[in-house]
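Input: a single structure, listed below in structure tokens.
The values are calculated or read from the model by the stated rules, or taken from the named source; none is laboratory data. None of the values given here were measured: they were computed from a predicted structure. Don't worry about glycine lacking a Cβ; one is built from the backbone with ideal geometry, like all the others, and counts go over all protein chains shown.
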């Protein structure tokens, strides 16, 4: 029978994948990042403080794995994905106004710089506090607030809200 740590880890897999996708924008690479994160979490289980949120701890591990991966990629050089990226809006031509707006917003999120995109995902999608996001990204809380503000302003401008 799995213990509470394994159950909590399993429940957070979709959140980890979503954050990984926001960082790397590649399903295959996101899956690799999640796998690396789970492996590292299991190996470092004794360093997890049960008094803290497991999400923040896992997101920090994933972010560090992403940094390691990008550093290695700089040494290896750029790799190209041969699979085509599907359109965000899908193939449906009779989509409703809401679906079109969501696709437009998601497209705007994809154009954000990585620093703004990762803060937006952690705070708005994953519902982490500014302090937790700051800890994961190893930046001051004020930087989180500033990046989030710039991200929201950019998205609003791109979708015509402001």
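Test of understanding: among 71, 99, 117, which residue is at pLDDT below 85, part of a helix (DSSP H, G or I) and under 15 Å from residue 24 (Cα atoms)? Reasoning before the result, please.
Numbers: 99 fails: under 15 Å from residue 24 (Cα atoms); 117 fails: at pLDDT below 85.
After ruling out the rest, the residue left standing is 71.
Just checking, which of 63, 40 is surrounded by 14 or more Cβ atoms within 10 Å (Cβ to Cβ) and within 13 Å of the chain's Cα centre (by Cα)? Outline the logic, then answer.
On the way: 40 fails: within 13 Å of the chain's Cα centre (by Cα).
One residue alone meets the criteria, 63.
Inside the stretch 120-143, can you point out the residues that are closer than 18 Å to residue 52 by Cβ and assigned to a helix (DSSP H, G or I)? Spell out how you get there, then give the answer.
We begin by selecting, within the stretch 120-143, every residue closer than 18 Å to residue 52 by Cβ; these are 122-123, 126-138, 141.
Listed by number, the residues that qualify are 122, 123, 130, 131, 132, 133, 134, 135, 136, 137, 141.
Residues 41, 30: which one is without any contact (Cβ under 8 Å) to a residue 24 or more places away in the chain, assigned to a helix (DSSP H, G or I) and not assigned by TED's automatic domain parsing to the domain that holds residue 114? Quick ask: steps written out before the conclusion?
On the way: 41 fails: without any contact (Cβ under 8 Å) to a residue 24 or more places away in the chain.
30 is the lone residue from the list that is without any contact (Cβ under 8 Å) to a residue 24 or more places away in the chain, assigned to a helix (DSSP H, G or I) and not assigned by TED's automatic domain parsing to the domain that holds residue 114.
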